[in-house]
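What follows is a single structure, written as C-alpha cells, with notes after it.
The values are calculated or read from the model by the stated rules, or taken from the named source; none is laboratory data. Here the structure is a predicted model, which is why all the values come from computation and not from measurement. Methodologically, a virtual Cβ is constructed for each residue, glycine included, from the backbone with ideal geometry; neighbour enumeration extends over all protein chains shown. The protein model used for the area step is the full one, side chains on, heavy atoms only, and it has no ligands, DNA or RNA in it. Shrake-Rupley method; radii C 1.70, N 1.55, O 1.52, S 1.80 Å.
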Amino acid sequence: MRRAPRLTLTAPTKAARRVIAPYVKVIRKRYKAPIVPESKLFNKHLDRKPSVLLRDLTSFLSDNVDLPSLLHESSDVLKVTTNAHGVSLYLVESATGEIYQSQRYFDIPEPRVRWKVEEGTIVAAHVASKKEMVMIDDILQDERFPMGIGQKDQLTKAVLCVPVVTPDGDCFAVIELFRDTSQEPFSEQDSKIASLVTGWMGAAIYQNLQRVAVHKKQELNDYLLELTKVFLEEFVPMEKMITELVKFVKVTLAAERSAFYLLDNESEELVADVYEKGIEETEGIMKYNSVKLVGKENEIVASVAKTGLPVNIKDAFNDPKLGKEIDSKTGFIVRSILCMAIKGNNDVLGVIEVVNKKNGCFMKSDEILFDVFATYFSLVLQFSNLNSQLKNQEKMNSVHMGLLDRQVGPCIHDYNYFMRNLKVKLPSTFSEFKWYIPDELINELPLLTYAIMNEFCQPDELDVGNFAKFILARRKFESKLPFHNFEHAFDFCHCMYNVLKRNEEMFTPIEIKALLIAGIGHCVDRDKCTTNEFLIFTHDEIFQLYAESPWQNYHYLIIARLLEQFPIFKNISKTDYKLFMREVKQCIIDTDLRNSFFGKNARPIVGIARAKSFNNDIPEHHYLLKSLCLACCDLSLFTKPYLVGRKLAENLNHELWKEGEKIKQIKPNCILMAFFDSSTQHNMAEQQLNLIDNFVLRAITLLKYFLPNTVDFFNGVLALRKTWLDIIELRGRKIWKQEDSYRKKRLGNP
C-alpha cells in the first residue's frame, strides 16, 4: 500500500516554528495579583479594584497576547512559506457582519474600507461568509469576485484565501495570499500548509479566549462576592452599593454610559428610580426618582422590564427601535446597547443597561459578564428589600406593642376596687383541693390571686400597684374558649397553691413564685383552638414562630410582656429576676403534654419511683418533681365534686368537638379521635373513666408517692371516678319513676 506523501515545509525550520509555536504556547501563566486581606470597611474595600480594572481591558481580554500582531506575523511567515508575492490580513466583526483589512504598522481607529460578509464582492468577504478556503489561479477570470481582492495591484493573478475558524464555527480572520503574473499558481501543497497553520491558529485563539473569559469571570466573581459580603455585613445603604456597581459595570465592560433602573413594583405604571453614570470619568452618579419608562428613549428598558429577557443591540443605526436620533439625555449618538433584567424570586426588580462599547459592540463574553453583575445586583436588591421589610416590621411591631400596652392596662374602676380590698378574706375551704370558684367570687379572682402570691412573699416584696395592673391585665386576655379561660388558670394556680402550701420547704422562693405565675399564665389568650396539634395541622402563624410547644411559647410571650410592663417585685436583683423569668418560661413550656409527665418526662420519673431513689437535692429529680406538679395541677378538674367536674369536662369536650369540626372541614375524610368527635358524646362517662384510669391516676398516684401530704388530691380523683363508674353501671337499668305510674293509671293500665 502506497503511503500518502508526507507534508513537508519548504521554508526554513525556524520560520515554521515561528508560525505554529505562538498558537501552541498561547496559554501562558497569568500574572497573579497578590492576595490583599479583606478590609472590614466598605470605603476601603472600594479602593481594592481587581486587576481587570487596573489594566487595559483589550489587552486583558487577550491576556497580554496581541492577537492582531500575532496574526500579522503568522501571515508574513505564511507568505514566505508559500512563496507568495504579498499577503493581506482581514479581521471579521461578527457583530456588524463586516470584514476590514487590518493595518500592521500604523493604527487607524476606524477602518476606512469595510465589506459586508457576503458573496459577490471581494474574495475575503466570500471566504468569511462560506468559512471555506478558496484557491484561484487567475483572479481576473473568476466572475465570482467582481471586486477582486482588497489589495489593489494590477499584477496580482493567483490567490490563496484561507479563513481562521475557531472550533465553535466563528470566523475570526481571513488570510489572503497572492502571487503576481510572473509566478506559478498556488499548489495543493501550499493549500495544505495554509490549512494546517490556520487550523492551529483557530483552535488556539478559541482556547485562549475561552480561558481568558473564564479567568475574567472568576476574577469578577471573587471581587463582587467580597464586595457583597462587606455590604451585607456592614449594612451599607443600598444607594451607595448600587452607585458603586453602576460605576463598576461601566468600567469593566468598557462602555460609555451605564444605568440602573430600580423598578417600583407597587406602582400600577412602569416607574423606576434611575441611577446613571455619565460619559466623563469625573462625572458622578446621577439619580432620577420615579421616572416613567415610557417613550422611545426608554423602549428597550421597558421591554426588558416587562419580559425579563436580555437585549443586545449591536448596531443601533439599523435597529428600528432606536434609529439614528441623538439621545436626549446625554447628547451623544447611541451605537450599541446591552440591557438585562435583575430578577428576584418571581418579579423583575430592576434593569441594568450599558451603552456604546468603546471598542466595537457588546459580544457574547460581555453578556456572560453582564449576567454575573445581574446576579450580584439581584442579591443586593433582595437583601435590601428584606432588610427594609424587617425594619418596617420592627417599627410596626413597636407601634403595635405600644398600642397593646395601652389597651391591656386595667380599667381604673377595677384598679381602684382592687386597691381598696387588698385584705380579702379567703374562703374557709380554700385550702382543700376540691374547692372550686363559686359564682359570687368570680369577680374576686384577681384579689384571691394576690392573696395566694402574697402568702409566699416577704413583707413589701410585692409591688402591690403593679401586681394589681398585671393580674387585671392578665384577666383582660380572657379566652372565649369554655374551658381554657381565666377560671381554669386560677384553678390551676389554686391547686398549685395547695401543693406548695403543704411542701414549701421542697422549693426555693423563686421557684414558688414562678410556679404560681406560670399557673395563672399557662393558657393566656388561647382562643383559636385547644391543642398544639391543631396549630401544627393548620400551619398557624404561632406554629411558624415556635416549632416546639407553640401555644406554650406564645403564652410565655404575653406573660413576659406583662411582667416587663408591670414589674411585680420591688428591689429584685437582675440575677434573681433573670432566674425567675427562666423558671416561669420553663414551667409554662412544661405544661405542654409532650414535655410533661405524659410526654418525655414520664419514663425517667417512673423509673425514679420504682427504684425508690428520689432525692430532691439532685437537680434532675427536682426538675421532674416540678414537671409532675404542673401536670397534676393542669388536671385539677378531676379532683372536684361530680357536678363541678362534669361541668368542666363538658366545657373541655365542647372545645375539642369544635376543634374536630374544624379538622373535618379542612380534611373531610380524616378519622377523628373519640375526644374530638361530637358523635361520641353519649359515651362521656366511659371516656371520662378511661381518661382517669389511663392518665390521671398515673400522675396523681406518683404525686402522692413523692408528696404524701397531697393524698386529698388523690382521694378526690377516686371519688369522681366512683361516680362515673356508678353512672355506667346504672345505665340501662329500669328505674321506677312516680310520673310513669301516674301516666299509666290515667291511661287505664294496671
How many residues of the range 258-312 are modelled with pLDDT of 85 or more, part of a strand (DSSP E or B) and over 21 Å from Met241 (Cα atoms)? The answer is 2
Across the range 601-637, the tally of residues that are open to solvent by 20 Å² or more (accessible area, probe 1.4 Å), of a type in the set (Val, Ile, Thr) and in a helix (DSSP H, G or I) stands at 1
Do we have any residue at all in the range 528-543 that's hydroxyl-bearing (Ser, Thr, Tyr), closer than 21 Å to Phe490 by Cβ and either free of Cβ contacts under 8 Å to residues at least 40 places away in the same chain or in contact with a helix residue (DSSP H, G or I) (Cβ under 8 Å, 6 or more places away or on another chain) (or both)?
yes
Quick count over the range 123-150, residues being among the hydrophobic types (A, V, I, L, M, F, W, C) and over 58 Å from the mean Cα position of the chain (by Cα), is 9
Of the conditions (1) in contact with a helix residue (DSSP H, G or I) (Cβ under 7 Å, 6 or more places away or on another chain); (2) among the aliphatic types (A, V, I, L, M); (3) more than 18 Å from Thr82 (Cα to Cα), Met147 clears all except one; give me its number.
(1)
Condition (residue is open to solvent by 10 Å² or more (accessible area, probe 1.4 Å), out of contact with any Pro (no Cβ under 9 Å at 6 or more places or on another chain) and aromatic (Phe, Trp, Tyr)) applied to the range 504-511: is it met by at least one residue?
yes
So Leu516 ticks every box in (1) assigned to a helix (DSSP H, G or I); (2) modelled with pLDDT under 95 but one. Which box is left unticked?
(2)
Condition test on Met135, is it in a loop (DSSP other than H, G, I, E, B) and either surrounded by 14 or more Cβ atoms within 10 Å (Cβ to Cβ) or of a type outside the set (Val, Ile, Thr) (or both)?
no
Considering (1) at pLDDT below 90; (2) over 51 Å from the mean Cα position of the chain (by Cα), say which one Leu403 fails and leave the rest.
(2)
Would you please list the contacts, defined by Cβ atoms under 6 Å and residues six or more apart or on different chains, that run from a residue in the range 653-673 that is under 14 Å from Cys529 (Cα atoms) to a residue that is among the hydroxyl-bearing types (Ser, Thr, Tyr) and in a helix (DSSP H, G or I)?
Trp657/Ser678
Within the range 171-210, count every residue that is modelled with pLDDT of 90 or more and β-branched (Val, Ile, Thr).
2
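For (1) among the aliphatic types (A, V, I, L, M); (2) open to solvent by 30 Å² or more (accessible area, probe 1.4 Å), each residue gets a yes or a no:
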| site | (1), (2) |
| --- | --- |
| Met401 | yes, yes |
| Leu404 | yes, yes |
| Lys425 | no, yes |
| Ser428 | no, yes |
| Pro438 | no, yes |
| Gln458 | no, yes |
| Leu472 | yes, no |
Please enumerate the residues belonging to the range 648-686 that are of a type in the set (Asp, Glu) and open to solvent by 40 Å² or more (accessible area, probe 1.4 Å).
Glu650, Glu661, Asp677, Glu686
The conditions are (1) open to solvent by less than 60 Å² (accessible area, probe 1.4 Å); (2) charged (D, E, K, R); (3) within 35 Å of the chain's Cα centre (by Cα), and Lys578 fails exactly one of them. Which is it?
(1)
Only one of (1) more than 18 Å from Ser596 (Cα to Cα); (2) open to solvent by less than 10 Å² (accessible area, probe 1.4 Å) fails for Ala489. Which number is that?
(1)
Which one of these does Asn595 not meet: (1) part of a helix (DSSP H, G or I); (2) surrounded by 15 or more Cβ atoms within 10 Å (Cβ to Cβ)?
(1)
Return a yes/no flag: does the range 730-741 have any residue that is of a type outside the set (Val, Ile, Thr), modelled with pLDDT of 85 or more and open to solvent by less than 80 Å² (accessible area, probe 1.4 Å).
no
Looking only at the range 151-191, how many residues end up being within 60 Å of the chain's Cα centre (by Cα) and outside any loop (DSSP other than H, G, I, E, B)?
11
Being touching a residue at least 60 places away in the same chain (Cβ under 8 Å) and of a type in the set (Asp, Glu) is the filter here, so list the residues in the range 134-158 that pass it.
Asp153
Whether any residue in the range 631-650 is of a type in the set (Val, Ile, Thr) and touching a Cys at 6+ places or on another chain (Cβ under 7 Å) is what I want to check.
no
Would you say Phe433 is among the aromatic types (Phe, Trp, Tyr), touching a Leu at 6+ places or on another chain (Cβ under 9 Å) and either under 21 Å from Ile512 (Cα atoms) or open to solvent by 60 Å² or more (accessible area, probe 1.4 Å) (or both)?
no
Selection from the range 470-516 of residues aromatic (Phe, Trp, Tyr) and over 25 Å from Pro641 (Cα atoms) yields Phe470, Phe477, Phe507
Residue under evaluation Thr530, criteria (1) in contact with a His (Cβ under 8 Å, 6 or more places away or on another chain); (2) polar (S, T, N, Q); (3) assigned to a helix (DSSP H, G or I), criterion not met
(3)
Check Glu219, Glu244 and return the single one that is open to solvent by 10 Å² or more (accessible area, probe 1.4 Å), assigned to a helix (DSSP H, G or I) and modelled with pLDDT of 75 or more.
Glu244
Filter pass, Lys640 being under 22 Å from Asp726 (Cβ atoms), surrounded by 17 or more Cβ atoms within 10 Å (Cβ to Cβ) and among the charged types (D, E, K, R):
yes
If I filter the range 350-360 for residues that are in contact (Cβ under 8 Å) with a residue 60 or more places away in the chain and open to solvent by 50 Å² or more (accessible area, probe 1.4 Å), do I get at least one hit?
yes
